[in-house]
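Scroll down for the structure; my scribbles are underneath it.
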2 protein chains.
Amino acid sequence: MTKPATIRDVAAAAGVSIAVVSRVLNDGSGPVSAGARQRVLQAMQDLSYRPRVAARELKSGPTSTIGLLLADVTNPFFARLADSVVREARSRGVQVVLMTTQEDPRLEEEALATLASRRVSGVIATPTATNAGAWQHLGDLQTRVVFVDRYLDSVPLADVVSIDNERSAREATEHLLELGHRRIGFVSGPLSTTTGRSRTDGHLATLAAHGIEPESELLRNIPFRGDQGADAMGSLLERDDPPTAIILANTAQAVSGLRRLRQAGVKVPSELSVVVFDDNPWTELFAPALTIMRQPTELLAAHSVDLALSQQPDATAGRTLMVEAEFVVRSSTAAPTAARVPSN
Amino acid sequence: MTKPATIRDVAAAAGVSIAVVSRVLNDGSGPVSAGARQRVLQAMQDLSYRPRVAARELKSGPTSTIGLLLADVTNPFFARLADSVVREARSRGVQVVLMTTQEDPRLEEEALATLASRRVSGVIATPTATNAGAWQHLGDLQTRVVFVDRYLDSVPLADVVSIDNERSAREATEHLLELGHRRIGFVSGPLSTTTGRSRTDGHLATLAAHGIEPESELLRNIPFRGDQGADAMGSLLERDDPPTAIILANTAQAVSGLRRLRQAGVKVPSELSVVVFDDNPWTELFAPALTIMRQPTELLAAHSVDLALSQQPDATAGRTLMVEAEFVVRSSTAAPTAARVPSN
DNA sequence: TAACAAAGTGGAATCGGTTACACTCGAACC
DNA sequence: GGTTCGAGTGTAACCGATTCCACTTTGTTA
């Protein structure tokens, strides 16, 4: 109905000056008599007064807020990450503004502009595109930039928190090689992302180390969002010599890929071993329970918030933190059946 | 390094007054000569200037922003909702500030306070607790409040967008009754939420309409978050006369309930028919594919954004919008096997 | 008793934008 | 040739908080 109360209204109602009200508001910023404090609190109550952040932010720096810019909340991995970041930030009294880019570079640029003009103290992000200029600019604005999960080489000032994707891919590949697989399908995210590239690199390096000729036909780089997981899986299965094992190194596309597998009636693990780079509640529900790579979301979140709130010791270079992923072997991987092992 | 540029710096660099810069900033707010505009734009570029929202918000009302207060981003249903809301809002040029309550009333209250002092134009929320006072207060601040999915009776001024939960529960129950089930387990969210209550009501009403004595032992109301789905499922299975069908009317707990089912080695649907109130990619992956109730997330989001941005015609009462849910029958429901149908 | 410290208070400047209003200037009109 | 108009510009007030500083009122100490 009426206009919201301001600090002046409260001061008037309590019969004091605005300075006193402000001191009550920011406890410890100056002396206030018990009587005055009481009357001010009462007045605030009566007028249901809420200080406007806009005014506060204008005068003092931004109230401690960090931006969280995720590629896709729909992706359970990112959703869990968001959950952890919010919890972590809260425990330090920091607000989180969450924004989604939906893997769209234009959206990302917009969100970045918003974050910049909001002068948040830090931004935690899973960068989609090389909006290098925008990122750099954010850094210039003395906003801490932390890339989590993926990162951009072109933005050296940003901190990075991630699992060792190359090593994880190596571990997954080793596991399959030890079981006796030689033709391994590898579905990953776009090579334009560090996750896609590192995982692919790790996979190829491991094959090479075991003297296996990598077939580029067995590698599929698909977008994180969308339904291409099914197609990728389909085309791999239709080959004359289909792979005996497959690594789904793309968090978001695992579901659509697995659906295709189910439709095709392929038996897991007897006909095909499956490893998924993801750790969702349902991976255990799938029959058979899936062998997965688990990312320590809590830890990623904790480190990210840490870095986002810390002052940069050196303005030009970011810090890099690697955390360990956990490889969980369940029932979806097994030795290839004899019939399918080729003569070599 | 140096302090970020202000409008005055830009004005000085371009050799004009701040008023001119402001006019360039807010195109259409006044005349600016082509030359001046050019110089201002150049200066903004050079100084990499970004207007501070805090200052803008202080003078004019809040820039068009809506708050989205979700109970749990980890819950895929809410994640999809968030995704849709962001997309929808974006298409109208509105920013979304997403916050999570994690089903914690205290967190919710905090988030509400933040939203209030941020003076967003509207808030879309899935209320957790009866923070009735805080909600009411938000409404007093001429902030539109829209409850989506769940709502609170105690906050009449809020708009509501939801599926018809009672009707949906009725539909699910009818389906099972038609198949011949008589003992139906019903796992829902807390009765303190409207979703939990409506779904339970619909279920019980349907039983009554068919002359079936409802057994309170077959109803389990558990929190949305956490792992109690497994326990609820377990205790139902351990009964002397276990249900022949079960409805998991709790989006978030379906996974943990199903996991228990899998562990117990119960065959679906021959030993137990299952209906889930949720529509996740993995419900199709589960073997057998699950019969589900699908909520039209896009529609819920579109209406919510609509209402959040609209001016309230009447300040005292909110509007209610029901959208239709779609019941998808797949393979997890079937007639109970004869052996299990009791004598009645 | 004078001097001084500390507690309590209020006035006024400040943050960085927006905007009402006054002003200049040249073109158009009668 | 004076009036009117509108385009283009600048000055200054304002939004609602924080905060520095000066001031008064006490209590304490030499």
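The values are calculated or read from the model by the stated rules, or taken from the named source; none is laboratory data. Small disclaimer: the values here were computed from a predicted structure and weren't measured. Cβ placement follows ideal geometry from the backbone for every residue including glycine, while neighbour counts extend to all protein chains displayed. Surface areas here come from the heavy atoms of the whole protein model, side chains and all, with no ligands, DNA or RNA. Shrake-Rupley method; radii C 1.70, N 1.55, O 1.52, S 1.80 Å.
Right, residue A:171: open to solvent by 20 Å² or more (accessible area, probe 1.4 Å), in contact (Cβ under 8 Å) with a residue 60 or more places away in the chain and part of a loop (DSSP other than H, G, I, E, B) or not? When the stated conditions are applied, residue A:171 does not pass them.
Residue-by-condition table, conditions (1) surrounded by 18 or more Cβ atoms within 10 Å (Cβ to Cβ); (2) in contact with a Leu (Cβ under 8 Å, 6 or more places away or on another chain); (3) not assigned by TED's automatic domain parsing to the domain that holds residue A:76:
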residue	(1), (2), (3)
A:195	yes, no, yes
A:206	yes, yes, yes
A:220	yes, yes, yes
A:226	no, no, yes
A:285	yes, yes, yes
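Looking across region B:97-126, the residues that are β-branched (Val, Ile, Thr) and at the interface with chain A (Cβ under 7 Å from one of its Cβ atoms) come down to B:97, B:100, B:114.
Residue check: residue B:251 meets all listed conditions (1) under 14 Å from residue B:334 (Cα atoms); (2) of a type in the set (Ser, Thr, Tyr); (3) surrounded by 23 or more Cβ atoms within 10 Å (Cβ to Cβ) but one, namely (1). If you go through region B:31-42 one residue at a time, do you hit one that is within 14 Å of another protein chain (Cβ to nearest Cβ) and more than 10 Å from DNA strand D (Cβ to nearest atom)? Within region B:31-42 (the criterion being within 14 Å of another protein chain (Cβ to nearest Cβ) and more than 10 Å from DNA strand D (Cβ to nearest atom)), the answer is no, since none of the residues qualifies.
Residues in region A:232-290 that are modelled with pLDDT of 90 or more and among the charged types (D, E, K, R): A:238, A:239, A:240, A:241, A:260, A:267, A:271.
Filtering region A:43-53 to residues that are assigned to a helix (DSSP H, G or I) and within 14 Å of another protein chain (Cβ to nearest Cβ) leaves A:44, A:45, A:46, A:47, A:53. The residues in region B:1-29 that are away from chain A (no Cβ under 14 Å), near DNA strand C (Cβ under 7 Å from one of its atoms) and in a loop (DSSP other than H, G, I, E, B) can be counted, and the count is 1. If the condition is being open to solvent by 70 Å² or more (accessible area, probe 1.4 Å), closer than 20 Å to residue A:114 by Cα and away from DNA strand C (no atom under 11 Å from the Cβ), then region B:30-54 contributes B:41, B:45, B:46. Considering each residue of region B:174-185 in turn, none proves to be in contact with an Asp or Glu (Cβ under 7 Å, 6 or more places away or on another chain) and closer than 30 Å to residue B:310 by Cβ. Can we say residue A:214 is closer than 23 Å to residue A:259 by Cα and surrounded by fewer than 17 Cβ atoms within 10 Å (Cβ to Cβ)? So residue A:214 does not fit the description; no. Look at residue B:89 and say whether it is modelled with pLDDT of 90 or more, farther than 25 Å from residue B:277 by Cβ and assigned by TED's automatic domain parsing to the domain that holds residue B:308. In short, yes. Is it the case, given these coordinates, that residue A:289 is open to solvent by 10 Å² or more (accessible area, probe 1.4 Å), of a type in the set (Gly, Ala, Ser) and outside the structural domain of residue A:84 (by TED's automatic domain parsing)? Yes.
Applying the condition of being of a type in the set (A, V, I, L, M, F, W, C) and part of a loop (DSSP other than H, G, I, E, B) to region B:212-224 and asking which residue is nearest to residue B:254 (Cα to Cα) yields B:224. Against the definition (touching a residue at least 60 places away in the same chain (Cβ under 8 Å) and within 15 Å of DNA strand C (Cβ to nearest atom)), how does residue A:57 come out, yes or no? Judged against the criteria, residue A:57 is a match. Pairs are defined by a Cβ separation below 8 Å, a sequence spacing of at least 6 or placement on different chains, a first member in region A:17-32 that is over 18 Å from residue A:63 (Cβ atoms), and a second member that is open to solvent by 50 Å² or more (accessible area, probe 1.4 Å) and within 9 Å of DNA strand C (Cβ to nearest atom); the pairs so defined are A:30/A:23; A:31/A:23; A:32/A:23. The strands (runs of 3 or more DSSP E) found wholly in region A:225-344 and carrying at least 1 residues that are within 14 Å of another protein chain (Cβ to nearest Cβ) occupy A:245-248, A:273-276, A:291-294. Within region B:182-208, the residues that satisfy the criterion of being of a type in the set (Lys, Arg) and touching a residue at least 60 places away in the same chain (Cβ under 8 Å) are B:182, B:183, B:199.
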